[in-house]
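Taking it in order: structure first as structure tokens, then the write-up.
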Amino acid sequence: MNQRLSAKLPLKLAIVGGGRACKFFLKLIRLGNLPYLQIDIIGVCDINPRAEGYRMAQRMGIYTTTDFRDLFSLEGLDGIIELTSNRDLLVELIQLRPPRIGIVEHNIGRLLRDLFTVDQKLRSAEQQIVFEKALRDFLIQQNQQCIVVINTDFTIDSVNDAYLETVNKTRDEVIGTPCYQVIHGLAAPCDALRNGMVCPMLETLRTGQSTQGIHPMTTGETVSTLYDIVTYPVRNAKGETVRVIELWMDIEREIASRWKKREQELKSDLNKLIQEDRMISLGKLVASCVHEINNPIQGLLTFSHIMKEMLTADSLNPTEIGKMRKFTELMADELERCGKIISGLLSFSRESHKAFRAVNLNEVVSTVVDLVRHRIELQDLYFKMTLTDAPLFVHGDINRLQQCFLNLIFNAIEAMRPGGNLGITSHLISDKQLAEVAIHDTGHGIPHKHLNHIFDPFFTTKAMGEGTGMGLSIVYGVVKNHRGEIRVDSTVDQGTTFTIQLPLVGKADAPGRNKG
């Protein structure tokens with residue numbers, strides 16, 4: 001009996017009236033059939049061959065005619081649907097039809113059309129449900145957070161792979177099992193967690209609102225992890241909560257991830273600040289280098305004019321030739337001096353990528369001093385530099401170390417009046433395997449109340465427009481980035497000493513010492 005019910009009843013029908021209703025009816029037939037009917041339209045009739053339903057039937061390969069009597073001869077015809085609403089035509093159809101052919105009048109035809117419409121809507125709704133379920137499953141599975149959908153009786157409806165990995169169970173072990181049994185191994189819902197916090201699932205069922213709470217979860221025999229759980233109620237058409245969605249976030253992992261991201265942002269910001277600070281320092285260097293370069297240029301011009309006058313003579317005596325040689329030597333020295341200054345400025349202005357390697361700290365300091373020596377002379381300061389004879393190799397980025405020492409030296413110069421003393425020394429602290437560089441000035445000093453803030457970003461005691469307050473914070477960042485320490489000792493009106501200590505590289509890593 002079930003087989004007979006499931007089989008579809010075949011019907012061969014023809015349509016009288018090839019207008020809009022006919023076209024719509026043909027579309028419904030083409031889209032799908034009724035659950036228990038297999039309908040075939042084998043003929044269409046209309047007195048107007050240009051009617052839209054008539055032309056659609058022609059395109060579909062269905063027999064068409066302008067005389068309804070022609071439909072009676074169609075083989076296997078079971079009935080005719082009258083869609084014209086013409087009463088006289090309906091009476092004529094009923095009178096002339098063969099006994100085996102039934103006539104379905106317009107109202108019944110409209111009912112059949114409505115049945116097709118309802119059937120299509122049901123099919124569409126079913127497809128939408130399947131689509132939404134597939135979309136939900138996709139979103140749940142693609143999310144890296146733990147997601148679990150729980151029924152109101154606490155049984156688990158669905159989960160994603162991240163949740164299964166966290167609870168260390170298979171999908172078959174979880175689906176249909178109460179959440180309190182999966183998570184805590186309990187036989188009944190938990191009123192409160194072991195730390196005294198209310199279960200978010202219970203709160204959502206009680207209030208019907210989204211809830212957030214901290215949830216401890218033992219992922220191993222002794223390892224306990226804290227999860228931040230957010231619950232969302234799923235309501236039916238009546239507004240009743242039928243399911244609850246839980247989103248789990250590993251707090252420790254999230255904090256670690258955010259900290260790592262923030263650390264990367266800070267490093268990126270530090271690199272940008274260092275480059276910007278290099279440009280500020282470059283401006284200061286260029287201003288003083290103009291004077292430094294101007295002197296040799298003036299000398300070169302003087303020598304060139306003298307030599308030009310000497311060469312106007314037909315011949316040169318030995319004394320004049322000796323002067324010419326001396327002039328050329330002086331000019332070569334001055335040109336070399338100018339070239340060295342320009343090369344230093346170009347090298348310093350170049351933006352470079354962060355690159356750590358073994359560098360000689362003494363060479364770094366000497367390079368910086370060569371750049372600022374003319375600034376020291378212009379300000380009429382007494383300068384003394386004492387570096388160790390042996391190189392002090394540290395693992396560092398040469399450009400950032402240069403910027404670090406340049407800022408400290410500039411600060412020392414700007415803190416003094418003409419006649420001040422600037423001293424730079426380097427030491428080896430062998431027992432701690434540290435390289436130490438100290439920069440001392442006899443300037444105005446730093447008040448005690450400011451000492452704890454001098455490395456803070458944007459902190460400055462200079463007048464508006466004289467400094468950004470980022471120089472010492474950059475120094476501090478560079479030193480810490482090189483695993484070093486910086487110390488400051490200062491007395492008002494007596495001077496300041498900045499001391500930097502950096503770890504030495506091992507003997508095997510020092511350049512030229514790893515060759516046997």
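Close amide-amide hydrogen proximity is noted between ILE39 and LEU11, LEU34, each under 5 Å apart and 5 or more residues distant or on a separate chain (H modeled in the peptide plane; Pro and chain starts excluded). Per atom type, the range 352-511 shows carbon and sulfur on 52% of its accessible surface, probed at 1.4 Å. Using a probe of 1.4 angstrom and keeping all protein chains present, the accessible surface of the range 352-511 works out to 50 square angstrom per residue.
Summary value for the range 352-511: 25 percent relative contact order, contacts being C-alpha pairs under 8 angstrom separated by 6+ residues. Applied to the range 84-97, the Karplus parametrisation 6.51 cos²θ - 1.76 cosθ + 1.60 on θ = phi - 60° returns per-residue 3J(HN,Hα) values of 8, 6, 8, 5, 5, 5, 5, 5, 5, 4, 5, 6, 9, 5 Hz, with x for Gly and Pro. Neighbours of MET385, meaning other residues whose beta-carbon lies under 15 angstrom from its beta-carbon, give a summed charge of -3 when Lys and Arg score +1 and Asp and Glu score -1.
The values are calculated or read from the model by the stated rules, or taken from the named source; none is laboratory data. These numbers come from a predicted model, not from an experiment. As a convention, Cβ positions derive from the backbone with ideal geometry for all residues, glycine included, and neighbour counts pool all protein chains shown. Accessible surface areas use protein heavy atoms only, side chains included; no ligands, DNA or RNA. Shrake-Rupley method; radii C 1.70, N 1.55, O 1.52, S 1.80 Å.
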